[in-house]
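First up is the structure itself, then whatever we jot down about it.
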Amino acid sequence: MGKENNLWGGRFESETDREFFEFNRSFGFDARLLVADVRGSIAHCNCIEKAGMITGEEAESIRLGLDQLLKRVVADPDILADEEAEDVHSFIESKLFEIIGASALKLHAGRSRNDQVATALRIFMREAIGEVVLKVHSLQASLVGLAETNKEVILPGYTHLQKAQPVLFAHWCLAFFEMLRRDRDRLEDVRKRLNVSPLGSAALAGTSYPLDRASAAEELGFDSISRNSIDAVSDRDFCVEFASAASLIMVHLSRLAEDIVIYCSTEFGYLTLSDAVSTGSSIMPQKKNPDSMELIRGKSGRVVGGLMSLLTIQKGLPTAYNKDLQEDKEAVFDTFDTVRDCLSVAATVIDGLAVNEDKCRSAVSQGYLNATELADYLSRKGMAFRSAHEVTGRLVLLAISKGVELDGLSLKALKEYSDLIEEDVFEKLKPEAAIEARSVYGGTSATRVRSQLEEAVAYLEVEQPD
Ligand code: ARG
């Protein structure tokens, strides 16, 4: 690698080792920042023009050259297969030189690649976050759609994966809707905090040129300018925040995936995945595997891994920029791609999900999901809840020994355990009654769930992502 080919050759006497050149270069992945870096470069060009550091003619030539470069890349993406470019910033500068000649060499006054990369990454990420927010919104809409088409379905609710109490299937759907609502809030919060312009930081100490930082920031759609040049070029906390918000999305998707995988098993059979998002086995002809959901569950590991990388890369770095920070990009890009694709596939899965109402109903009617109802019944009739719990527990034992459900015990048998039990108990033990009783705000009663659904529909309408 000839030292004259890179941006910093003057001080060097001998050539860069080829293996180290490959090791050092980031163009293979940071080419994704090309558009963002060109935008940052145009804003910087305007800034140095206003400061009188380049003529209007030179500025125009730089702007046209950068524009042409973008057009060339669109027309022929193969030019990105440049084996000599160290990173996206040096690539842009060398191509600009090829296109417009010597004026290209003036563009770098008052800036460093450190501010370029911090600027471009922030531009890229706020757009990436916008895309992820869109996908979150679509998945929320899919969950609402699924809840609406299955409004009446009653599902066993579990704790410890043991049958607990009946819940409306729509209530289960809306639980994930709520997780995603917070996920979106977190993303928007990250976006707000990262939308700050580092331009003008010039490596670390701030530029010595009279640059109008605020106008460059405004031109690039930043909300404000950074207050400290050292901090602006050296902290990647916004990458960690994004990876953290993305990790939580993936944890939520992974939990959704786990439920769906379980509910699609023959043993449960509550849900059936559409063929479009399932695969078969090369040896067992009967198989229909929920690979889509398993992959989402698995990919959560890689997003959480990205978060760990980003934290570890930054821990213990001396102030300010260090080349370690080049390692942030692959984690950020992979996190973005993974979370976007997983949200998208999850929505397709939800859209094609069939709910097997009969299986759900028979699962609800077995396994003593109405035991809490019996305890509540006794407690409402004046028995202390602890005693009601004890009596009901003994009745469950009796029912197990007889191989029946609680409503399979005769009134006479029930009365032997408590005189408070009357004929009306059988009505209370029905799953519908258990559901209706849970009419507290946030509970699973049909009325509550209906109003939760209405709120969700209104939210989706009002909170359309921009
Ligand atoms: N490719 C580098 C990165 O991603 C760009 C900044 C390089 N700056 C430097 N002084 N070497 O971090």
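Read-outs: derived from the displayed coordinates by stated rules, not from any lab. Since the model is a prediction, treat every value here as computed from it, not as a measurement. So basically every Cβ, Gly included, is an ideal-geometry build from the backbone, and we count neighbours across all protein chains shown.
Worth pointing out:
- Rounded, prolate or oblate (a/c below 1.5 giving rounded, otherwise prolate when a/b exceeds b/c) for the stretch 352-445 by Cα gyration tensor: oblate
- The overall shape of the stretch 276-403 is oblate: from the C-alpha gyration tensor, with semi-axes ordered a ≥ b ≥ c, the ratio a/c is 1.5 or greater and a/b is no larger than b/c.
- The coefficient of translational diffusion for the stretch 225-329, derived via Stokes-Einstein from the alpha carbon Kirkwood radius under 20 °C and 1.002 mPa s, stands at 129 µm²/s.
- Helical segments meeting 27 Å axial Cα length and Kyte-Doolittle 1.6 threshold in the chain (DSSP H): none
- The chain: relative contact order in percent, alpha carbon pairs under 8 Å with at least 6 residues between: 16
- Label positions at residue 72 and residue 454, each projected 7 Å from the Cα along the C-beta direction, are separated by 6.1 nm.
- Kirkwood analysis of the Cα pair distances in the stretch 69-129 returns a hydrodynamic radius of 13.0 Å.
- Normalising the average separation of contacting C-alpha pairs (under 8 angstrom, six or more residues apart) by the number of residues puts the relative contact order of the stretch 361-449 at 26 percent.
- Based on the convex hull around the alpha carbon atoms, the stretch 165-244 presents an average projected area of 7.1 nm².
- Dipole of the chain [Lys/Arg +1, Asp/Glu -1 at C-beta], most positive-end residue of 132, 172, 121: 172
- Among the GluC sites (Glu not before Pro) in the stretch 150-226, those located in a DSSP loop and surrounded by at most 14 other Cβ atoms within 10 Å of their own Cβ are 152.
- Mean Cβ neighbour count within 10 Å, used as a protection proxy, ranking 401-414, 236-249, 155-168, 197-210 highest first: 236-249, 197-210, 155-168, 401-414
- Between the listed residues 200, 292, 234, the Cα displaced farthest toward the positive end of the dipole of the stretch 148-304, a dipole computed from Cβ unit charges relative to the Cα centre, is found at 292.
- Debye equation applied to the C-alpha atoms of the chain, log10 I(q)/I(0) at 0.06 Å⁻¹: -0.42
- Projecting the Cα positions of 304, 333, 314 onto the charge dipole of the stretch 280-338 (unit charges on Cβ atoms of Lys, Arg, Asp and Glu, taken about the Cα centre) puts 304 furthest along the positive direction.
- Here the chain is treated with +1 on each Lys and Arg Cβ and -1 on each Asp and Glu Cβ, and its dipole about the Cα centre works out to around 1300 debye.
- C-alpha center-to-center spacing [the stretch 338-363, the stretch 127-181] in angstrom: 9
- Relative packing of 101-113, 251-263, which averages over residues the other C-beta atoms within 10 Å, highest first: 251-263, 101-113
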